[in-house]
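Some notes on the structure that comes next.
The values are calculated or read from the model by the stated rules, or taken from the named source; none is laboratory data. As the structure is a computational prediction, the values presented were derived from the model and not from experiment. Cβ placement follows ideal geometry from the backbone for every residue including glycine, while neighbour counts extend to all protein chains displayed.
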Amino acid sequence: MLHVIPSMSPNRGGPSFVMRTLARTLSQDMEVHVATTDDDGEGRIAVAHGIPCDEEGATFWYFPRQTRAYTFSWPLTLWLWRNVSRFDLVHIHALFSYPAIAAAFAARRANVPYLVRPLGTLNRWGFQNRHPLLKRLSFFLIERRVLSAAAAIHYTSEQELQEAETLSAGGNAVIIPNPVDLPQSFERNSAPEWRGRQVILFLSRLNPKKGLDLLLAAFARVYDRNPRALLVIAGAGDPGWVASLHEHAERLKISENVLWTGFLEGKEKVRLLSAADVFVLPSYSENFGVAVAEALAYGCPVVVSDQVGIHAELRRAGAGLVSPCKVSDFAEALTNLLSDVSLRERVIRNGRRLVTDRFSPEAVSRQLIHAYTAALQ
């Protein structure tokens, strides 16, 4: 089984973390290889090129990228054309990226079936806000052909599928959520430096689609009613965009009650998830919401926008509050969770149950193996 993904950098957000979890879990039932580049955002990961590396129980292959834009890699292309025929199936994790195209055409040439996980690239927000004319041209000339030849298109939520259908993406669609590692044990602990405060946590990439402008304005209203509230923003993004967010917080006169931590992972990330009173993701577009599922796994109640892919599942399970992308609605939802202890406890219980039943690596692995078997047939 071969997986192809443009980057394994933590700086690229959820897809890289999900790929590692998938590799580790699927390798218990099959031989798993992952082909990728040394992309690390603006920099490069320090890895050996073209040499098999054992990670997460799987075999990873890293190749140098030649361009940051589109993640072009000629060495990856050559390796795919020479080696794809050795595999029974290919799972491609991306669209509108060179490695995805190279993998699809190499698989077709070798008559090897492949699946595509679009990673939210077929959503309305992306087509309206990210080089819309170029993206539409690329879709009709290239990506639609990649999708039409796929054995299956792997969507991670009902919303992601619905938005893709507006483009007539076609293909055999399967909905399988992203996996989230469940902590074997954890304790809810307040961070000493925040004692006496009620912490609202945003933990994700700092990107225009994440709705941070909406969050800052909503927090200003929350703080007016609750001076104990503290907003912690954990993540990194384009320096110019981040600077504009700081200026927005200054204009709203909330700067002293907004903490910017930068990118965090590992123990520091777990510490935040275990200490926060509420997790928030007000995205204008989000195909799944890995960070939301992680927060639920650590017993942190969540508030999300109705544009986050798993919002319908959260609402059905009573595992979080869902708000339209409006400042007043978000402020009300955050205030309700902060002020209502019984509501928070109920959301925490339901959230843990949802993650265990639907988003655990074992549950997702079973669904993927079923999809792989169908693709091979």
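Structure notes:
- Figure legend. Inter-residue proximity from region 134-163: first residues of a type in the set (A, V, I, L, M), second residues in a loop (DSSP other than H, G, I, E, B) and modelled with pLDDT of 95 or more, beta-carbon distance below 6 Å, spacing 6+ or different chains. Indicated pairs: Ala151/Pro113.
- Restricting attention to region 192-213, the residues being over 26 Å from the mean Cα position of the chain (by Cα) and assigned to a loop (DSSP other than H, G, I, E, B) number 3.
- Among the candidates Gly309, Gly320, Gly351, residue that is within 30 Å of Met30 (Cβ to Cβ), of a type outside the set (A, V, I, L, M), in contact with a strand residue (DSSP E or B) (Cβ under 8 Å, 6 or more places away or on another chain) and not assigned by TED's automatic domain parsing to the domain that holds Ser157: Gly309
- Against the test of being over 30 Å from Ser360 (Cα atoms), buried (at least 17 other Cβ atoms within 10 Å of the Cβ) and among the aromatic types (Phe, Trp, Tyr), the options Phe202, Phe139 yield a single qualifying residue, Phe139.
- From the list Leu133, Leu122, the lone residue that is of a type in the set (A, V, I, L, M, F, W, C) and assigned to a loop (DSSP other than H, G, I, E, B) is Leu122.
- Test: residue in region 132-149 that is under 19 Å from Ser285 (Cα atoms), of a type in the set (Asp, Glu) and assigned by TED's automatic domain parsing to the domain that holds Gly14: no
For (1) assigned by TED's automatic domain parsing to the domain that holds Asn287; (2) within 14 Å of Ala103 (Cα to Cα); (3) touching a Pro at 6+ places or on another chain (Cβ under 8 Å), each residue gets a yes or a no:
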residue	(1), (2), (3)
Val18	no, no, yes
Gln28	no, no, no
Gly41	no, no, no
Thr71	no, yes, yes
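- When Val258, Val280 are screened for being crowded, with 17+ Cβ neighbours inside 10 Å, out of contact with any helix residue (DSSP H, G or I) (no Cβ under 6 Å at 6 or more places or on another chain) and closer than 24 Å to Gly320 by Cα, only Val280 passes.
- Residue in region 283-312 that is nearest to Leu212 (Cα to Cα), counting only those that are buried (at least 21 other Cβ atoms within 10 Å of the Cβ) and among the acidic types (Asp, Glu): Glu286
- Residue match in region 185-196 (condition: over 27 Å from Leu115 (Cα atoms), in the same structural domain as Glu313 (by TED's automatic domain parsing) and at pLDDT 90 or above): no
- Wholly within region 1-77, strands (runs of 3 or more DSSP E) carrying at least 2 residues that are β-branched (Val, Ile, Thr) and at pLDDT 95 or above: 33-37
- The set of residues from region 100-119 being surrounded by fewer than 24 Cβ atoms within 10 Å (Cβ to Cβ), touching a residue at least 40 places away in the same chain (Cβ under 8 Å) and assigned to a loop (DSSP other than H, G, I, E, B) comprises just one member, Pro113.
- Scanning region 89-99 for residues that are farther than 17 Å from Arg12 by Cβ, touching a Pro at 6+ places or on another chain (Cβ under 9 Å) and part of a strand (DSSP E or B) yields one hit, Val90.
- Test result for Tyr155, assigned by TED's automatic domain parsing to the domain that holds Asn287 and aromatic (Phe, Trp, Tyr): no
- Gly126 touching a residue at least 12 places away in the same chain (Cβ under 8 Å), within 27 Å of Val278 (Cα to Cα), small (Gly, Ala, Ser) and crowded, with 16+ Cβ neighbours inside 10 Å: no
- Options Leu76, Leu89, Leu22, Leu80; residue that is surrounded by 21 or more Cβ atoms within 10 Å (Cβ to Cβ), within 26 Å of Arg366 (Cβ to Cβ) and touching a strand residue (DSSP E or B) at 6+ places or on another chain (Cβ under 8 Å): Leu22
- Single unsatisfied condition, Glu286 versus (1) modelled with pLDDT of 95 or more; (2) outside the structural domain of Val18 (by TED's automatic domain parsing): (1)
- When the test is whether a residue is closer than 26 Å to Arg221 by Cα, among the acidic types (Asp, Glu) and surrounded by fewer than 19 Cβ atoms within 10 Å (Cβ to Cβ), Asp357 does not pass it.
- Sole residue being surrounded by fewer than 24 Cβ atoms within 10 Å (Cβ to Cβ) and closer than 29 Å to Gln162 by Cβ, chosen from Val347, Val322: Val322
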